[in-house]
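For reference, the structure is listed below as structure tokens.
The values are calculated or read from the model by the stated rules, or taken from the named source; none is laboratory data. As the structure is a computational prediction, the values presented were derived from the model and not from experiment. Virtual Cβ from ideal backbone geometry, glycine too; neighbours counted across all protein chains shown.
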Amino acid sequence: MLWLNKEKRKNKIKGIIFDLDGVLVKSHLDFHLISREIFGSQEKKPILEGINSIKDPEKKARAWEILEKYEKKAALNCTLTSGITELFKFLEQRGIKRSIVTRNSKKSICIILNRFKLSFNGIITREDAPPKPAKEPVLLACKKMEILPKEAIFLGDYEFDMISGRKAEVMSVLLRSDNQSFSENADVIVDSILEFTKLVRDYLATNLP
């Protein structure tokens, strides 16, 4: 566990915001493959931004269909990340709220929630707010949980998560992965859900009555 910003240890925590792919579930979405099928080659822009920049309505509609096809397949075949079930039990025991902020679609989220019988206080998808790295989806998640941004922790595995969290002024925790091992926008870096659970446990013991 690596703390990059110790000042935020002073804040009380009432809710956890989770990224979806790579954090809550392992879905193995191949973004390079998706990009090639949609754009014909590797698009320099991230996929959502690339699709939104398409001018032709028919091509844009086809692009969304391709992306949703891959997202649905991933949702039907993903697995829960190790340690998530235990973490959720602990959060429920302590009355800590939880929400999801994802660039994924609402359809895919519903498939995953139904498969694993998961529930959240707030679910923010690309249909609900400008996607990460914008701050709006994180702020909306806080609103859904009825907490202040300073009372939230955002757990993500990608730079967009950390940027979004930093802009919204929540505590941003990077779950280290092969694709993202460090971020200057993170407040804390952890190597596993188990380590994140320990972080939350220690944090609550220090800050909650």
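Quick rundown of the values:
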{"item": "Selected residue (only one of 15, 22 is out of contact with any helix residue (DSSP H, G or I) (no Cβ under 7 Å at 6 or more places or on another chain) and assigned by TED's automatic domain parsing to the domain that holds residue 143)", "result": "22"}
{"item": "Some residue of the range 93-108 being within 16 Å of residue 80 (Cα to Cα) and assigned to a helix (DSSP H, G or I)", "result": "yes"}
{"item": "Residue within the range 40-60 that is surrounded by fewer than 12 Cβ atoms within 10 Å (Cβ to Cβ) and within 18 Å of residue 186 (Cα to Cα) present", "result": "no"}
{"item": "Among the candidates 167, 198, 150, residue that is in a helix (DSSP H, G or I), assigned by TED's automatic domain parsing to the domain that holds residue 102, in contact with a Lys or Arg (Cβ under 7 Å, 6 or more places away or on another chain) and of a type in the set (Lys, Arg)", "result": "167"}
{"item": "Members of the range 106-131 found to be under 17 Å from residue 78 (Cβ atoms) and of a type in the set (S, T, N, Q), listed by number", "result": "108, 114, 125"}
{"item": "Pairs where the first residue, in the range 191-209, is within 13 Å of residue 23 (Cα to Cα) and modelled with pLDDT under 85 and the second is among the aliphatic types (A, V, I, L, M) and part of a helix (DSSP H, G or I), C-beta under 6 Å, 6+ apart", "result": "none"}
{"item": "Test result for residue 118, out of contact with any Gly (no Cβ under 8 Å at 6 or more places or on another chain), closer than 22 Å to residue 14 by Cβ, assigned by TED's automatic domain parsing to the domain that holds residue 12 and not basic (Lys, Arg)", "result": "yes"}
{"item": "Residue check, residue 45 closer than 20 Å to residue 133 by Cα, in a loop (DSSP other than H, G, I, E, B) and among the basic types (Lys, Arg)", "result": "yes"}
